[in-house]
Amino acid sequence: MQKVGAVERKAEILEQKAATSDGKHPASAKIITRPEARMVDPDGEEPLDDALSCLARSIYWEARSEGIAGMQAIANVVMNRLGHEDFFDTICDVVMQGGEQGVCHFSWWCDGRSDDALEEKSYALAKEIARKALNQQLSDMTDGALYFHHHTAIPDWASEFIKTVKIGEHIFYKPPTVVTEAGN
């Protein structure tokens, strides 16, 4: 348990570093290793109270059947939201924004079903992607996307944003940039 706590603290530091968006990658001594990541929430059934588990479960539940690219894209969105002025500064708060009942940002969080991972292999892959995301070792496949939806859905908000890419079953969006004239 002490080792798990140390990994969770390391993830919290990496999460804070990512939220400040300083663009610097963590020193290799401060990254989460594969064996460390495996110790945290090994079966996908622990309470969602640490960055690695919250991110891994989001990746798992939103894109477990889409393969690596789809899963990485979901990780990109969560990490892009982290520290953005319109979202919270922790991964768990980003994932759980809107509450567990009713309107929420991630459908798996408020669907009323169990949040425990069911497929060991897919959850292990989701944790590995979450580890890399926290270590800032993933490139942003979504071009800065903050939003996404399943390709069969047509949400009201989609027309307000710029479509960046379609990856797997999801379409990704970012807010329009505000262009101002110099001096104004």
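Using θ = phi - 60° and the Karplus curve 6.51 cos²θ - 1.76 cosθ + 1.60, what whole-Hz ³J(HN,Hα) does each residue of the range 86-97 get, with Gly and Pro shown as x?
Karplus values, whole Hz, x for Gly and Pro: 8, 9, 7, 9, 10, 4, 4, 5, 4, 5, 8, 4.
Given an 8 Å cut-off on Cα distances and at least 6 residues of separation, report the relative contact order of the chain as a percent.
Result for the chain is 24 percent.
From largest accessible area down, sort 88, 172; use a 1.4 Å probe on the protein chains.
88, 172
Tilt of helix 2-20 relative to the longest C-alpha principal axis of the chain, in degrees (0 to 90, nearest 10)?
Helix 2-20 sits roughly 20 degrees off the main axis of the chain.
Report the relative contact order of the range 49-149, percent, no decimals, based on alpha-carbon pairs under 8 angstrom and at least 6 residues apart.
38
Report the accessible area of residue 152, computed with a 1.4 Å probe over the heavy atoms of all protein chains in place, in Å² rounded to the nearest 10.
Looks like 100 Å² after rounding.
What do you reckon, how do 79, 1, 141 stack up by accessible area (1.4 Å probe), largest on top?
My answer, sorted largest first, is 1, 141, 79.
Please calculate how many Å² of accessible area the chain carries per residue, with a 1.4 Å probe and no DNA, RNA or ligand atoms counted.
55
Report, to the nearest whole %, how much of the accessible area of the chain belongs to carbon and sulfur atoms, 1.4 Å probe, protein only.
The value for the chain is 51 percent carbon and sulfur by accessible area.
Okay, helix-only estimate at 222 nm for the chain: each DSSP H run of n ≥ 4 adds -39500 (n - 2.57), divide by all residues, round to 500 deg cm²/dmol; what do you get?
-12500 deg cm²/dmol
Can you give the local net charge around residue 171? Use residues other than it whose beta-carbon is closer than 15 angstrom to its beta-carbon, Lys and Arg +1, Asp and Glu -1.
Result for the local shell: -3.
Would you tell me the accessible area of residue 151, worked out with a 1.4 angstrom probe on the heavy atoms of the protein chains, in Å² to the nearest 10?
Residue 151 has an accessible surface of roughly 80 Å² with all protein chains in place.
The values are calculated or read from the model by the stated rules, or taken from the named source; none is laboratory data. As the structure is a computational prediction, the values presented were derived from the model and not from experiment. All Cβ positions, even for glycine, are placed from backbone atoms using ideal geometry, and neighbour counts span all protein chains on display. Surface accessibility is based on the protein's heavy atoms, side chains included, excluding ligands, DNA and RNA. Shrake-Rupley method; radii C 1.70, N 1.55, O 1.52, S 1.80 Å.
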